[in-house]
1. Which whole-Hz ³J(HN,Hα) couplings does the stretch 255-265 yield from phi under the Karplus relation 6.51 cos²θ - 1.76 cosθ + 1.60, θ = phi - 60°, glycine and proline marked x?
2. Among Leu375, Gly241, Asn164, whose Cα sits farthest toward the positive end of the charge dipole of the chain (+1 at Cβ of Lys/Arg, -1 at Cβ of Asp/Glu, about the Cα centre)?
3. Less than 13 Å Cβ to Cβ from Gly212, Lys/Arg counted +1 and Asp/Glu -1: what total charge do the surrounding residues give?
4. Along the positive direction of the dipole of the chain (beta-carbon charges: Lys, Arg +1; Asp, Glu -1; about the Cα centre), which of Val75, Leu149, Pro174 reaches farthest?
5. Residue by residue through the stretch 269-279, which ³J(HN,Hα) values in whole Hz follow from phi under the Karplus form 6.51 cos²θ - 1.76 cosθ + 1.60 (θ = phi - 60°), with glycine and proline marked x?
6. Just to confirm my numbers, what's the Cα centroid distance between the stretch 282-303 and the stretch 107-152 in Å?
7. Taking the stretch 102-150, which GluC sites (Glu not before Pro) meet the DSSP loop condition and have no more than 12 other C-beta atoms within 10 Å?
8. Which Cys in the chain stand alone, with every other cysteine's Cβ at 4.7 Å or more from theirs?
Amino acid sequence: MTASFTLDPVELAAVVASLDDATAPVTAAWSLPPACYTSESFYAFEREAVFGRSWLGLGRLEQIPAPGDWFSIEVAGEPLLVVRGAGQEVHVLSNVCTHRQHLIAEGTGHVDRYFRCPLHSWAFERDGTLAHPAGMQDTEGFDRADWCLPRLRAEVWHGFIFANHDPEAAPLAPSLAKLEPEAEAYGLADLVTTEPWDTDVLPWNWKTMHEGGIEPFHSHFLHKGLHEFAPWADFHEFEPGDGAVTHYTRFREPDQSFNPIYRTLLPVFPGLDEERRQRVMFVAMLPTLYFGFMPDHVFWLLVLPESAGSIRLRQGYLVHPDARDVPNFDHRIEWIADGLSAYFRDDATANASTQRGRASRYARRGRYASEEQPLPMVNRWLAERYRAGYRKLVPEQAATFRPRLVAP
């Protein structure tokens, strides 16, 4: 397969050449080239090499509890529909009508049987099958089976819905085996989400969002004062084939949280051991899903790119089903959100500034402090997909090019 979009071959070759250094142990590693965060050409490559061949977190099962429930989402320029089928299965479909490319549905809703395109009323079953192609009875050689909505592979992992454009991709669940003990301990599959909400467009690259969330080093400075209740970070090893990058930060006392009183505001999850009650664990399931295990809730967000330098976020909170019966539950969720927003404001200012800095002619690859250990891990996850994408999308270059850089 060759690239169907405009690529800058020199730029792409330079990125591939940087990967050996970017994936070294933290004390020897270099950051990715700034163009990885600013170049629209490179983002076009990522849309195929990363978003076209990775498991994309899209939301939670609780958003579509009944057959016929659906929500829409756009990931890296691809409009999708997530639908609960008649047999409780989850379908992830292209949201683009196969007739004249009108979007079929936007927002959330319920269909008893058919999705109908607003433009010409083509009707599609909940699994994407074209049921009624209005006006096509006289069209020569028209076969309804050829005009169904494309359907992505879908998996559900502990209540999170994932999909993959690549029909040959390896299953998701084995890549998350290291997270199984955590998911079981927190009862992740049985938690329920608050209603997710979307941000406005945010002016930074999608990788910057994950990097800021998964490395703890900046907390000593950017969040000075706010973060002192949780001063101690520790790390998990990342190995080839892992589907997530993680780290955890330990509290000074059990059952603390990111809010002005630094205490849990909901009942602690039943069955958590002492260790888990004294830490937050951050999880980056690149490229879209990021979440954090807290003693009384799990905050989650989707990183949804709009361009090389912009994203939207969709976010919510997972709680134990019984927590909804706590007095002032809605207010407590607001207090949790307000507490986290103080950290987000700091991060947003830093992320926007970093995006502007990376566009400078003087921007260069950097080195990592030891507490930035998760960042070379992120690079390792990316490198696997960048290299595979390079081989598939530009095979004539990959066959002859053996890049290697030692310095920026």
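1. 3J(HN,Hα) across the stretch 255-265, in whole Hz: 6, 9, 7, 8, 8, x, 9, 6, 10, 4, 10.
2. After comparing all options, I get Leu375.
3. On the way: positive: Lys207, Arg345; negative: Glu211, Glu215, Asp346, Asp347, Glu372.
Once positives and negatives cancel, what remains is -3.
4. Highest projection toward the positive end goes to Val75.
5. Once θ is set to phi - 60°, the couplings for the stretch 269-279 become 4, x, x, 5, 7, 4, 4, 6, 6, 10, 7 Hz.
6. What the calculation gives is 35 Å, centre to centre.
7. Working: sites: Glu106, Glu125, Glu140; in loops: Glu106, Glu140.
Passing both the DSSP loop test and the Cβ count: Glu140.
8. Cysteines lacking a close Cβ partner in the chain: Cys36, Cys148.
Read-outs: derived from the displayed coordinates by stated rules, not from any lab. Please read these numbers as outputs of a predicted model, since none were measured by experiment. For neighbour counting, all protein chains shown are included, and Cβ atoms are generated from backbone atoms with ideal geometry for every residue, glycine included.
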